[in-house]
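Following: one structure in structure tokens, then a few remarks.
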Amino acid sequence: MNKNKDVAGEEPSGALMADVARLAGVAISTVSRALANPGRVNEKTRAKINAAAKQLGYTPNAMARGLRVGKSNIIMIILPGSLYYGASQVIPQVLQSINKSLIQGGYNLMIANLDRDEISERHILDLAFGGSVRGAIILSSKLPEVDGRSLANSGLPIVSMLLDMSDAGLQSVVTNDREAVRDVTAELIRLGHRRFFYLAGPEGNYHDVERYGGVLEALEAAGLSEDSVHRSGGHLDYQHGFDIGVQAADDFAELTEKPTAVIATSDDMAISFVSRIQRTGLSIPGDVSVVSFDGSPVCEFCSPPLSTIKQPVEEMGRAAVDLLLDAIGHRQNTAAVRTVIRSNLIPRESIAAPKS
């Protein structure tokens, strides 16, 4: 037997599958089955195997497993979290685009999670290390990591979409968040606005850092200080956009000197903010202009129709699939590690020059 491989034909990371079986007190075939198809092994036995693998530092290589059991044609997509918050249609649009491109390439899409709790993270990693999937696309979130296992070490080709992880060596497909918000802020300044209200995503989040950075760059270019913008939010995830908008409306009402332009970092935030503000008797855009980010189709049917920066999610989905299939097929890939696809403003009736 080749001592550089374990008995199941996988490249080990130090320990062998036989070592895991010996420590767990089970057959090697049971270990293999637990890693490849966790649902076929009872929870007690699976727990012993996982504990043994963790103790020994055993990490099977999913691509090597794929050569043994037959190459999967399933690509898993990893979502950022629960989808039952908010009206944003960005995620469904992304899924539709990715699914269409994968089908054309002969692959099937599997949604790996509907949450990002520990159980879901373990499930994602079981799929990756078990050889059930051929590659992964992760949306706007960090890689799963539990008990020393990380998706980055699974051997799977991975593409990050909507979050730049190129510094970690992952192919990333993103939009020009900073530039797009900078341009729309500059347009509001051109219209005469000098006091701004910014509805923030979670502090430190990639999108919030980039988008707020765009606001600040536009202010600086116009000779305005950061004091010209009031931030609201910064504590809740984007999935809670409606709640962020409602709280922002309360914050706005408490300001003595009201801003004349609002920049929301998601459509959901803007929609709930506008609804609450209009209840106080303020008009959009007569008293305050509002612009948001995402480009959800629902914005066209708001009252008034909401100006929004549209993310090219269909094009981004196709680009992510192309990069992933290139990696799976080991085709020569000359694309940059970071692929940027531009977003653009869709101007509607929610923005206008401020009252003189």
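Would you mention how many residues in the stretch 263-302 are farther than 11 Å from residue 348 by Cβ and free of Cβ contacts under 8 Å to residues at least 40 places away in the same chain?
Going through the stretch 263-302 one residue at a time, the tally reaches 10.
Report, ordered by the first and then the second residue, all pairs with beta carbons closer than 6 Å, sequence separation of six or more or different chains, a first member in the stretch 204-227 that is under 18 Å from residue 183 (Cβ atoms), and a second member that is assigned to a helix (DSSP H, G or I) and among the basic types (Lys, Arg).
Cβ pairs passing all conditions: 210/178; 213/178; 214/178; 214/182; 217/182; 218/182.
Mind listing just one residue for me: the one in the stretch 91-123 that is in contact with a helix residue (DSSP H, G or I) (Cβ under 7 Å, 6 or more places away or on another chain) and either in contact (Cβ under 8 Å) with a residue 60 or more places away in the chain or part of a helix (DSSP H, G or I) (or both) and, of those, surrounded by the most Cβ atoms within 10 Å (Cβ to Cβ)?
98
Which of the residues spanning the stretch 278-315 are among the β-branched types (Val, Ile, Thr) and in contact with a strand residue (DSSP E or B) (Cβ under 8 Å, 6 or more places away or on another chain)?
Residues satisfying the conditions are 284, 288, 290, 291, 308, 309.
If you scan the stretch 244-265, which residues turn out to be part of a loop (DSSP other than H, G, I, E, B) and out of contact with any Leu (no Cβ under 8 Å at 6 or more places or on another chain)?
255, 256, 257, 258, 259, 260
Being among the aliphatic types (A, V, I, L, M) and either touching a Phe, Trp or Tyr at 6+ places or on another chain (Cβ under 9 Å) or closer than 15 Å to residue 78 by Cβ (or both) is the filter here, so list the residues in the stretch 100-123 that pass it.
Within the stretch 100-123, 102, 109, 110, 111, 112, 114, 119 qualify.
Residue 277: at pLDDT 95 or above, outside the structural domain of residue 103 (by TED's automatic domain parsing) and within 26 Å of residue 139 (Cα to Cα), yes or no?
Values: at pLDDT 95 or above: yes; outside the structural domain of residue 103 (by TED's automatic domain parsing): yes; within 26 Å of residue 139 (Cα to Cα): no.
Spelling it out, it is not the case that residue 277 is at pLDDT 95 or above, outside the structural domain of residue 103 (by TED's automatic domain parsing) and within 26 Å of residue 139 (Cα to Cα).
The values are calculated or read from the model by the stated rules, or taken from the named source; none is laboratory data. What you see is a predicted model; the values in this text were computed from it and never measured. Backbone-built Cβ (ideal geometry, glycine too); neighbour counts: all protein chains shown.
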